[in-house]
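The values are calculated or read from the model by the stated rules, or taken from the named source; none is laboratory data. All values derive from a computational prediction rather than experimental measurement. Don't worry about glycine lacking a Cβ; one is built from the backbone with ideal geometry, like all the others, and counts go over all protein chains shown.
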């Protein structure tokens, strides 16, 4: 009965929208946590986040919700009942059912406990990082890992408990698959990095200096506007760890670190977070509350941020547009640098400790390192106390350097404190997806270099909007990439890109 | 059965705490609305606020909640059943029952509609004020007044629909009572104002100038610390309309306007909002979720802000402490001004358009004006379209001046856009309470002038903490004032204070 399907669909949509609204509020609380919250408010914030997580979970596992969903799709088998609905709605149902099955596997009390613990842990981690004191963070991390392992058991998995965790961020991805994918690119990366280190040292000293932070922000905001970031529906603030946070396509916020002595860092961060934000702003607002207005996966999300940060923001066309402005604004040594030397400098490769500051060639090593440690922690082959040593030895092995403190080692990232195990791999997947999307973009827009210089950057958003953003979760990562690029996903585009750029 | 009472009490407490946590989140959303929210996010913010309001209302009227409450107190008659509980808990029950009866009178759909409309209206008002376009705001205001009148009917009242509205902000207060109280003080105020206007003009030109905003904020924050505002649990931001917003004693935030050319304005605002915040920070944290950790009324709240703003912040001891610092920091003409002339200048009386900038003697007129208009709107004897004219004629009558624009007339305040009809009278009640509290404070602390100069301001917070803050809603306004001051409430202290200061 078509009419009845639509009615049930509307009921499901409105229940889901209610939950999504609460999730959006929770995003805002997390944004506040990282930007403006007083330091002493961590306990009540944990309580607030826990309360919302509990309500969302209750709503998305409630009898009424299950009833509406179950009338449209067989919850056990996934077989669609409402075949009279238009295709996108059918796809939404498949996603709704997927989320329901996972949510139903977790008791509300577990979800609340997880939310409260991780909200508190973020504050503990921040203080521990400040003091470079891993032992202050360790007891919390132990609890988080225990809960993550429990979560994996509750959700279930075929081969590896880590599979259940990564599935939350990159549906369908597995530990084995990632190990193979990352294992395949690792040797090429190692040899490319080695090659760059034997060449003549690139002078990038002119990128360091005492650059007016306000002017840095002005230029950054100008660039954000240029890529199509709409300040009516978003804003930029400062936080220790830059992030993008969206509670709705009409309220999408990003952060950057306080501008530093590194002239390019702020622009890179803003391009990166701006890329995330454009994805969120580009989701179909009318579908807010349904999977049709949600991002596919964190890998696809990261493909958007890396696309802007690296493929656009470290490319020649972009800097042909912005280098004269940069030199004009900050003057000094910059005025005497040739475009070619500038371009070489911003693409300089050098092993370093901090992932978010890493160049694009050593960056994947940071991700692979975390992936290996996470996997070991979750399967129980490594313990929390071993992390600092493990970190140092893997850094030595992969990048040939060893951090002196945990602050620039295993305490640098916020993710574990948020309970986000299985998240890091999406950073590398994102780059791989981005490379393939960029090839397709280039093929469709052979004049893109010229357009960037003549008309600006907003046409890129239009392209990504059509090929990626507007589809929501209609297709999974791999299918979306195939539809957007005309090819099955493979790391080839990524390796070719790096080979061409750094192999010569 | 004592044990059972305690059990039921705990259940009620935990349900109430859940609702309170959601209300706290809503406060944070309102804070964000006024401080950082992108302008285009008003619709989704309205949806978020509506969702939370609905959840809070559902929770506080749910069967389970009613069951727990009803087992401890007779909901119909208010007769206590759980007489074995300690007295403060019995008092909490009386308040819980009071809130329940009022909440139950409103359908959840009404609460949601009200929350969504007013959240949206705040944005409309802000834009209308900017353009001084009353007609843009009028349709929203009409809807708000309709809903307020409907609310009054739903809640019920004895004499005047306005009684039902003011009861939300000042429990037990009525339109008749206020009309009498305000009517009694009005003639004295009018004659005092007239007196000040015939005297020699006070020169306060040295208070205007180009004062470094950063230094203004530095000094303001120093003063906030001095009164005992704890920046670990609070913060200060900018907004068009200064306010204080608390989601928990450990997360209490205030705002001020961007420092202007008026040297005293920022300090006044921070003392005022700081006074509000100290009340919230001083509520017993362990009771969070119960009426024992809630403010008594907005009148009592305002007594705390006015106490700091006026009775401390415009007094001689305070400025003996801070005037030298002020003169040192901002130099210029200030260096040549005597303390006596400075003191006269900051207490200068002159009718003006903007309530929040008004001196303490003309201020009550602004409140009485709004009270009269509100009452007329709610009883239907005046319509929304008449407001601008009504405003002008009442300003003429009470203060002898007429605003040229609605921006500095009937559009100046945020309250109506928030649906807060019945709120304004508490501003004057607060001053009256503050005067009486100050007399008692002075009697208990005969050396307070000396202490302020020698040891700073934090002992005042200790005094107010003991007499006002820590009691939560154990006593109603009048009883609290009686306990705190040893006298029944009357406007005598207020009138005496003004007479002494301005009548000479």
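Structural remarks
- Region B:36-85, residues that are modelled with pLDDT under 95, surrounded by fewer than 18 Cβ atoms within 10 Å (Cβ to Cβ) and more than 12 Å from every other protein chain (Cβ to nearest Cβ): B:83, B:84
- Residues satisfying the stated conditions in region B:265-285, i.e. surrounded by fewer than 18 Cβ atoms within 10 Å (Cβ to Cβ) and touching a residue at least 60 places away in the same chain (Cβ under 8 Å): B:284
- Sub-6 Å Cβ pairs linking a first residue in region A:426-445 that is within 16 Å of residue A:172 (Cα to Cα) and assigned by TED's automatic domain parsing to the domain that holds residue A:372 to a second residue that is modelled with pLDDT of 95 or more and not in a helix (DSSP H, G or I), at least 6 apart or interchain, are A:426/A:170, ordered by first then second residue.
- Meets criteria (assigned to a helix (DSSP H, G or I), surrounded by fewer than 22 Cβ atoms within 10 Å (Cβ to Cβ) and either away from chain B (no Cβ under 11 Å) or at negative phi (or both)) for residue A:15: yes
- Scanning region B:363-407 for residues that are assigned to a loop (DSSP other than H, G, I, E, B), in contact (Cβ under 8 Å) with a residue 60 or more places away in the chain and out of contact with any helix residue (DSSP H, G or I) (no Cβ under 6 Å at 6 or more places or on another chain), we see that the one that is nearest to residue B:349 (Cα to Cα) is B:405.
- Taking region A:485-504 as the range and being within 12 Å of residue A:361 (Cα to Cα) and assigned to a loop (DSSP other than H, G, I, E, B) as the test, only A:503 passes.
- Residue within region B:97-114 that is away from chain A (no Cβ under 14 Å), crowded, with 19+ Cβ neighbours inside 10 Å, touching a residue at least 60 places away in the same chain (Cβ under 8 Å) and within 29 Å of residue A:247 (Cα to Cα) present: yes
- Near pairs, Cβ below 7 angstrom, 6+ apart or cross-chain, from region A:229-244 (within 10 Å of residue A:273 (Cα to Cα)) to any residue that is assigned to a loop (DSSP other than H, G, I, E, B): A:242/A:257
- Checking each residue in region B:250-271 for being within 14 Å of chain A (Cβ to nearest Cβ) and under 17 Å from the mean Cα position of the chain (by Cα) picks out B:252, B:253, B:254, B:255.
- Filter result for residue B:360 (outside any helix (DSSP H, G or I), within 24 Å of residue B:268 (Cα to Cα) and under 26 Å from the mean Cα position of the chain (by Cα)): yes
- For region A:209-234, the tally of residues that are within 14 Å of another protein chain (Cβ to nearest Cβ) and crowded, with 20+ Cβ neighbours inside 10 Å stands at 4.
- Of all residues in region B:446-457, those being surrounded by 19 or more Cβ atoms within 10 Å (Cβ to Cβ) and without any contact (Cβ under 8 Å) to a residue 40 or more places away in the chain number 0.
- For region A:140-199, a residue qualifies if it is outside any helix (DSSP H, G or I) and within 16 Å of residue A:426 (Cβ to Cβ), and the qualifying residues are A:170, A:171, A:172, A:173, A:174.
- Hey, residue A:180 at pLDDT 95 or above and either touching a helix residue (DSSP H, G or I) at 6+ places or on another chain (Cβ under 9 Å) or farther than 13 Å from residue A:378 by Cβ (or both) or not: yes
- Residue within region B:47-70 that is in contact (Cβ under 8 Å) with a residue 60 or more places away in the chain and farther than 30 Å from residue B:239 by Cβ present: yes
- Filter result for residue B:283 (touching a helix residue (DSSP H, G or I) at 6+ places or on another chain (Cβ under 6 Å), in a loop (DSSP other than H, G, I, E, B) and more than 12 Å from residue B:430 (Cβ to Cβ)): yes
- Within region B:18-28, restricting attention to residues that are under 23 Å from the mean Cα position of the chain (by Cα) and at the interface with chain A (Cβ under 7 Å from one of its Cβ atoms), the residue that is nearest to residue B:239 (Cα to Cα) is B:28.
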